[in-house]
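Written out below as structure tokens is the structure these notes cover.
The values are calculated or read from the model by the stated rules, or taken from the named source; none is laboratory data. Predicted, not measured: the structure shown is a model, and the values here were computed from it. Here Cβ is always computed from backbone atoms with ideal geometry, including for glycine, and neighbour counts include all displayed protein chains.
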Amino acid sequence: MAEKIKVHDPRGYPPKVTGKRLAPRLENMDGKNIFLVDCLFDNSEAFMNELRDWFARHLPAVKTTIIKPRQSWVDDPEMRAKVVASGDAAILGVGL
């Protein structure tokens, strides 16, 4: 094949990303409500269920709640507000 082909990226140009500091760690998780955020990737629901079960076996004093956004890759302000209002921390899961 002597002829070259040109491939265009249909996603356009990526936005400029500004880094942010991570949230501070909790001193202790006992009695805390941890939201397990299922980000709707393939198998992420199974991963979140496994993580919830791990917490139940190893850290039973920690309350876990699985929560999902309305859509994958789209900000869900209502879900974020719920996490802020009634959660002490959140773990985002992406699956395999």
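Data table
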| item | result |
| --- | --- |
| Options Leu26, Leu22; residue that is assigned to a loop (DSSP other than H, G, I, E, B) and in contact (Cβ under 8 Å) with a residue 40 or more places away in the chain | Leu26 |
| Ala81 being part of a loop (DSSP other than H, G, I, E, B), surrounded by 10 or more Cβ atoms within 10 Å (Cβ to Cβ) and at pLDDT 95 or above | no |
| Residues located in region 57-78, provided they are under 18 Å from Asn28 (Cβ atoms) and out of contact with any Gly (no Cβ under 9 Å at 6 or more places or on another chain) | His58, Leu59, Pro60, Thr64 |
| Those residues of region 22-71 which are exposed (fewer than 14 other Cβ atoms within 10 Å of the Cβ) and within 15 Å of the chain's Cα centre (by Cα), in sequence order | Leu22, Ala23, Asp42, Asn43, Ala46, Glu50, Arg70, Gln71 |
| Residues of region 63-78 classified as assigned to a loop (DSSP other than H, G, I, E, B), more than 12 Å from Ala90 (Cα to Cα) and either in contact (Cβ under 8 Å) with a residue 12 or more places away in the chain or of a type in the set (D, E, K, R) (or both), total | 6 |
| Residues of region 30-57 that turn out to be of a type in the set (D, E, K, R) and assigned to a helix (DSSP H, G or I), as a count | 5 |
